[in-house]
Amino acid sequence: MLRRKPTRLELKIDDTEEFESVKKELEARKRQREEVESGGGASVISVDIIGGGASASSSTGASRAELINERIGYKPHPKPATLPTLFGSLQF
């Protein structure tokens, strides 16, 4: 088996600027959550990094999972619970 030399990564100025802007957004979002939690609020307004839009979401784990599923494009389908829904209306 042939061994490959390590790949060289180059860090560009654009990359550092993007990192700094994302870091500032995350810190601002964290501060907002802390302020809302200390104030006793039930919902948080968060800024979506990819879309750039604002969306209101509750601070529960389910909403976080929904945001992640939306971001990666996963659309879960509920599983049918009864046999007729599994097989349709089969008649023998």
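The values are calculated or read from the model by the stated rules, or taken from the named source; none is laboratory data. Quick caveat, the model's predicted, so the values are computed rather than measured. Note that we place each Cβ from the backbone using ideal geometry, even for glycine, and neighbour counts take in every protein chain shown. SASA here: full protein model, heavy atoms, side chains in, ligands and nucleic acids out. Shrake-Rupley method; radii C 1.70, N 1.55, O 1.52, S 1.80 Å.
Before moving on, here are some points about what is shown:
- Residue within region 18-30 that is open to solvent by 100 Å² or more (accessible area, probe 1.4 Å) and modelled with pLDDT under 75 present: no
- Residue check for PRO80: exposed (fewer than 10 other Cβ atoms within 10 Å of the Cβ) and either assigned to a loop (DSSP other than H, G, I, E, B) or at pLDDT 65 or above (or both): no
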